[in-house]
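For reference, the structure I am asking about is given below.
Taken together, the values in this text are just the output of simple stated rules run on the coordinates, not laboratory data. In this text, all values refer to a predicted model and were calculated from it rather than measured experimentally. Neighbour counts are summed over all protein chains in view; Cβ atoms, including those assigned to glycine, are modelled from backbone coordinates with ideal geometry.
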Amino acid sequence: MIDILQKITEQREARNWSLAHLSFQAGLPLSTVSSWYTGKVTPSVFSLEKICGAFGMSLAQFFSEGNYRALDPIELELLKNWELLSPNQKNAVLELLRSFTETERDTGEAFGQAEE
């Protein structure tokens, strides 16, 4: 079984975050975060979602036993906007992305780099 507080602590310490910084990044009161460490309460699902958001990961990534990497700010923005798209819009975006990667693969050029 996963020790939730241990995982939060590992993620927090990997970023050199204090409890105060974690609470600020997650938008939670410091008293709430501190209460987890005193054993008074355990984090709720709502609080865990906010903590995961601060760490740049999903709940699934948080609870996964395997390796994962945190999403960078651009990836997070893409995912947030992705959720707002209709199925047709999602298909159009996928086709556009595929055309970029196919062009890069075919020409050996990275997207966004000017030809010399």
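Could you please find all residues in the stretch 73-93 being surrounded by 10 or more Cβ atoms within 10 Å (Cβ to Cβ) and either in contact (Cβ under 8 Å) with a residue 12 or more places away in the chain or in a helix (DSSP H, G or I) (or both)?
Matches in the stretch 73-93: Glu75, Leu76, Glu77, Leu78, Leu79, Asn81, Trp82, Gln89, Lys90, Asn91, Ala92, Val93.
Quickly run through the stretch 59-71 and pick out the residues that are in a loop (DSSP other than H, G, I, E, B) and surrounded by 10 or more Cβ atoms within 10 Å (Cβ to Cβ). Full working, then the answer.
Pass one, the stretch 59-71, residues in a loop (DSSP other than H, G, I, E, B): 64-71.
Once the filter is applied, which keeps residues that are in a loop (DSSP other than H, G, I, E, B) and surrounded by 10 or more Cβ atoms within 10 Å (Cβ to Cβ), the stretch 59-71 yields Ser64, Tyr68, Ala70, Leu71.
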